[in-house]
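Report on the structure given below.
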Amino acid sequence: MLGFGLGLRTDHYSAILDTHPPIDWFEILSENYMIPGGKPLYFLDQIREHYPMVMHGVSLSIGSTDPLNWDYLKQLKNLATRVNPAWISDHLCWTGINKQNIHDLLPLPYTAEAIQHVVLRVKAIQDFLGQQILLENVSSYITFKNSELSEWDFLATIATEADCKILLDINNIYVSSFNHGFDPHQYLEGIPCDRVQQFHLAGHTNNVDHIIDTHDAPIVDPVWQLYAAAVKRFGRVATMIERDDNIPPLTELLTELDQAKAIMDQVLSSTAPVAKQTKKDSLAENF
Amino acid sequence: MIGFSLYNVQNIFQAYLSDHKLESTHTMESLTVDTTQISATRRLKIYYDGYRLRLLEILENDFPKLHTLMGDEAFETLGLLYIAAYPSQHFSARYFGQYLAQFLAEESTYTKQSYLAEMAKFEWALADTLDAANANTLTLDNLKSIPPEQWGNLKIRFHPSLEVHAFEWDIPQLWKAIENKEAARLPKKQKEAITWIFWRKELQSQFRSLTKPQAIILALFQKNHDFSDVCESLTEIMDSETIPPVTLGFIQQCIHDGFISELSYA
């Protein structure tokens, strides 16, 4: 029962410890704490004493054709032992090959070869970590001509075949739907309800002919509307707001989080979610 | 599209991002869907620019005073050269800038301005102290508990955050001047290099200079020499009567500063 969370950011460390704001949980960026010691780990431990946490990574590079980085995975597992997170997530993407790291969430071609490749790696990682992981859909700015299926079919197939969960980023669906011209509601319909364990919400930058997932602004109305549709389909799923730049005071993010709560309450009080009718167990686990 | 395996696609995409050569650009464009809204060329450029902007921002955050010292344009030029010369190989962006001081010291464009490498070294040392491993720190009571007959065997283990660097330029003073938003000035070369130490105390980075004898004492203790060895080594530069009190005074200062983690004499 996690509820509504925020990304843990250094700007808010002191405010969190001083005021213990009413936030259900925090999502940490795993790599920020995969360090020997010092200040970040001190605050992590202090805040963990008061709040549940989930771990969210950017370097798993699940789609890379490089071998899995076992040094990274060992450090990830060590951090998980320290944090005892509700779950661990990363992105359905690749971040580099030939030992190079681009530090970007690069899109994959949606092919049978990529599915097979990713599924094997997710299984190996889940075996190593001893738990299911969540894979998040990324915002993308290109699609490959050799893609054989839609992004949502690609994500759903991998989640089903690898038996992993999904972190559904509502803003990323909106951004990619704008950039590639698909219907975001069709995306939601293509995702199996029992796989979705977390939602992300965030702001973006609209450059007229494309949108970039910048996480530097408030959530816009079309994304709130898509969130409402997602809640209607998937039910009470743990929801979290990401802000990585132009980080406002904590109180401002709490107001956004209240808006997410209000939308979820409103949607679920007026409609019995489709997912709730069919997947009661998974809904209970997710929220 | 036949023949483009997942590896082929990733290889050509990464080559495009890294070098933007004509061949990789043409191949990537041929792999990418155009839309009526935006061309493949422009779509790919989002990734190309994003790669550089992201890493430049990381360098700006890790080397703010070097940035100020160089100015926006020169710092961006440096960043782009560094990105090409030292592409990130660590899973964490935290370590992307770890070779910048080395790059500045090696790259012919910058070797005549050796203070730039020193400023990068200084700022990287400050960052390093913040997330170095944790360890206990001792108090003067720990020092007082050493039996007099064991003083000769005393060895010291320092806090993992401790770093030692020598600077030929007045980089620490210049760093402070920029921090205090004082009027811009060029660094000053000193008569000889001065040793500075960096460490973490109560979650904050600390730094201070050492005298020549202190630098020698510290280096010897870091090499696991004991108190007797250290005093013996100082006889060439100091009056033998002043060596023990100077060494002891330095150890007391280190304990006060909070970067001694263990005293042993077994």
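When residue B:156 is tested against the conditions (1) aliphatic (A, V, I, L, M); (2) within 21 Å of the chain's Cα centre (by Cα); (3) under 20 Å from residue B:200 (Cα atoms), the lone failure is (2).
Can you tell me which residue in the stretch B:7-33 is surrounded by the fewest Cβ atoms within 10 Å (Cβ to Cβ), limited to those that are outside any helix (DSSP H, G or I) and free of Cβ contacts under 8 Å to residues at least 12 places away in the same chain? It would help to see each step written out before you state the result.
Of the residues in the stretch B:7-33, the ones outside any helix (DSSP H, G or I) are B:20-21, B:32-33.
Checking which are free of Cβ contacts under 8 Å to residues at least 12 places away in the same chain leaves us with B:21, B:33.
Numbers: B:21: 11, B:33: 14.
The extreme case among them is B:21.
Number of residues in the stretch B:34-53 that are free of Cβ contacts under 8 Å to residues at least 12 places away in the same chain and within 30 Å of residue B:175 (Cβ to Cβ): the value is 1.
Condition (residue is within 30 Å of residue B:59 (Cβ to Cβ), in contact with a strand residue (DSSP E or B) (Cβ under 6 Å, 6 or more places away or on another chain) and within 14 Å of chain A (Cβ to nearest Cβ)) applied to the stretch B:99-120: is it met by at least one residue?
As a first pass, look at the stretch B:99-120 and keep what is within 30 Å of residue B:59 (Cβ to Cβ): B:99-120.
Then drop every residue that is not in contact with a strand residue (DSSP E or B) (Cβ under 6 Å, 6 or more places away or on another chain), which leaves B:115, B:118.
With the extra rule that they be within 14 Å of chain A (Cβ to nearest Cβ), the set shrinks to none.
No, the stretch B:99-120 has no match at all.
Among the candidates B:86, B:47, which residue alone is within 8 Å of chain A (Cβ to nearest Cβ) and modelled with pLDDT of 95 or more? Talk me through it step by step, then tell me what you get.
On the way: B:86 fails: within 8 Å of chain A (Cβ to nearest Cβ).
Result of the check over B:86, B:47: B:47.
The requirement of being surrounded by 24 or more Cβ atoms within 10 Å (Cβ to Cβ), among the hydroxyl-bearing types (Ser, Thr, Tyr) and within 13 Å of another protein chain (Cβ to nearest Cβ) is satisfied by residue A:176. Flag: residue A:140 does not match the condition of being within 13 Å of chain B (Cβ to nearest Cβ), within 22 Å of residue B:45 (Cβ to Cβ) and surrounded by fewer than 20 Cβ atoms within 10 Å (Cβ to Cβ).
Is it true that residue B:212 is at pLDDT below 95 and surrounded by 12 or more Cβ atoms within 10 Å (Cβ to Cβ)? So residue B:212 fits the description; yes.
Of all residues in the stretch B:87-95, at least one satisfies being touching a residue at least 40 places away in the same chain (Cβ under 8 Å) and either more than 30 Å from residue A:76 (Cβ to Cβ) or surrounded by 15 or more Cβ atoms within 10 Å (Cβ to Cβ) (or both). The listed residues are B:171, B:217, and the only one of them that is farther than 25 Å from residue B:138 by Cβ and surrounded by 14 or more Cβ atoms within 10 Å (Cβ to Cβ) turns out to be B:171. Only a single item in (1) within 14 Å of the chain's Cα centre (by Cα); (2) crowded, with 23+ Cβ neighbours inside 10 Å; (3) not acidic (Asp, Glu) is not met by residue A:215, and it is number (2). Quick check on residue A:64: is it within 11 Å of chain B (Cβ to nearest Cβ), over 18 Å from the mean Cα position of the chain (by Cα), closer than 30 Å to residue B:11 by Cβ and hydroxyl-bearing (Ser, Thr, Tyr)? Here the answer is yes, as residue A:64 does meet what is asked.
Restricting attention to the stretch B:234-266, the residues that are among the small types (Gly, Ala, Ser) and in a strand (DSSP E or B) add up to 2. Considering only the stretch A:77-100, I want to know if a residue exists there that is facing another protein chain (nearest Cβ under 9 Å), touching a Pro at 6+ places or on another chain (Cβ under 6 Å) and more than 15 Å from residue B:94 (Cβ to Cβ). Scanning the stretch A:77-100, I find at least one residue that is facing another protein chain (nearest Cβ under 9 Å), touching a Pro at 6+ places or on another chain (Cβ under 6 Å) and more than 15 Å from residue B:94 (Cβ to Cβ), so the answer is yes. Looking only at residues of the stretch A:211-255 that are out of contact with any helix residue (DSSP H, G or I) (no Cβ under 7 Å at 6 or more places or on another chain) and among the hydroxyl-bearing types (Ser, Thr, Tyr), we find that the one that is nearest to residue A:32 (Cα to Cα) is A:214.
The values are calculated or read from the model by the stated rules, or taken from the named source; none is laboratory data. As the structure is a prediction and not an experimental result, all values here were calculated from the model. Using ideal geometry, Cβ is built from the backbone for each residue, glycine included, and neighbour counts are taken over all protein chains shown.
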